[in-house]
Amino acid sequence: MTILEPVPGRSVPCEACPFRTNPTFRDFSPPELEFISAFKSGELNAEVGTTLFLEDTNSPHLYTVLAGWAFRYKMLPDGRRQILNFALPGDFLGLQTSVFDKMGHSAEALTDMVLCIFPREKLWELFSGHPSLSFDVTWLAAREERVLDENLLSVGRRSALERMAYVLLHLFRRAEDLGLTKGDRIEFPFFQQHLADMLGMSLVHANNTLRRLTSQKVVHWKQKVFRLLDRDRLAEIAGYEFAERQPRPFI
């Protein structure tokens with residue numbers, strides 16, 4: 001297991017951040033940009049499999065995912081794993097350590113990643129001096145809570161087919177907003193075991209459920225290349241509601 005170690009310096013200045021030109025994100029005002037540029041202390045390059053956070057430990061850093069995928073998870077003493085969510089570019093990681101003494105979950109790089117580093121000790125300066133950015137942090141935390149609400153609903157009440165349909169459509173749309181898809185295709189970086197661990201299924205059950213969606217010709221997934229063949233039908237199976245997309249904040 002590789003543990004992430006900070007490296008000072010930066011290669012992408014905040015002024016040239018690619019999120020600023022993506023309509024998915026709300027851009028900074030000039031004063032906000034000046035503060036965020038000073039708040040950012042550097043970047044980290046993390047290889048696939050790197051542990052970003054470890055449950056029950058304390059991290060002095062907060063991160064924004066600049067590139068790559070990660071997943072947050074909890075482990076039971078017997079080794080069973082529950083994946084809580086996937087982190088994509090623009091997501092903010094590590095906020096728990098700013099509120100509690102220790103992380104309540106672990107996080108691992110699913111691909112090679114680049115992360116922007118923010119010192120946790122300076123977070124109060126953001127809250128005390130920049131109300132709009134404070135709202136952004138609150139929005140990001142509320143969004144994470146909303147995602148966890150849906151995940152809990154899936155594990156607790158949705159059928160296996162509904163669960164699988166929901167998470168596949170949800171992840172595809174998130175990636176689509178970031179420009180990571182090509183038409184109806186994306187190369188998902190995770191395996192069926194990751195989906196099984198997220199949806200509370202065995203690997204065999206997850207595989208059989210995915211086969212049912214494939215047989216209905218709504219999706220196709222082979223060698224990590226996923227195709228969304230029938231978006232409306234997949235949404236119907238999942239009970240997925242297409243909310244109007246609004247520019248979202250990032251730090």
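All of (1) within 29 Å of N58 (Cα to Cα); (2) not assigned by TED's automatic domain parsing to the domain that holds S41 hold for K122 with one exception: (2).
I need the full set of residues from the stretch 62-83 which are in a strand (DSSP E or B) and surrounded by 21 or more Cβ atoms within 10 Å (Cβ to Cβ), in order please.
So in the stretch 62-83, the residues in a strand (DSSP E or B) come out as 62-67, 70-75, 81-83.
Once the filter is applied, which keeps residues that are in a strand (DSSP E or B) and surrounded by 21 or more Cβ atoms within 10 Å (Cβ to Cβ), the stretch 62-83 yields L62, Y63, T64, V65, A70, F71, R72, I83.
Kindly evaluate V48 against the criterion of being at pLDDT 90 or above and in a loop (DSSP other than H, G, I, E, B). Full working, then the answer.
Details: at pLDDT 90 or above: yes; in a loop (DSSP other than H, G, I, E, B): yes.
For V48, the condition - at pLDDT 90 or above and in a loop (DSSP other than H, G, I, E, B) - is met.
Looking at the stretch 21-37, is at least one residue in contact (Cβ under 8 Å) with a residue 60 or more places away in the chain, surrounded by fewer than 19 Cβ atoms within 10 Å (Cβ to Cβ) and under 29 Å from F191 (Cβ atoms)? The answer is yes; a qualifying residue exists.
For the stretch 184-199, residues that are touching a strand residue (DSSP E or B) at 6+ places or on another chain (Cβ under 8 Å), surrounded by fewer than 17 Cβ atoms within 10 Å (Cβ to Cβ) and under 16 Å from G79 (Cα atoms) total 0.
The values are calculated or read from the model by the stated rules, or taken from the named source; none is laboratory data. In this text, all values refer to a predicted model and were calculated from it rather than measured experimentally. Every residue, glycine as well, gets a Cβ built from its backbone with ideal geometry; the counts of neighbours run over all protein chains shown.
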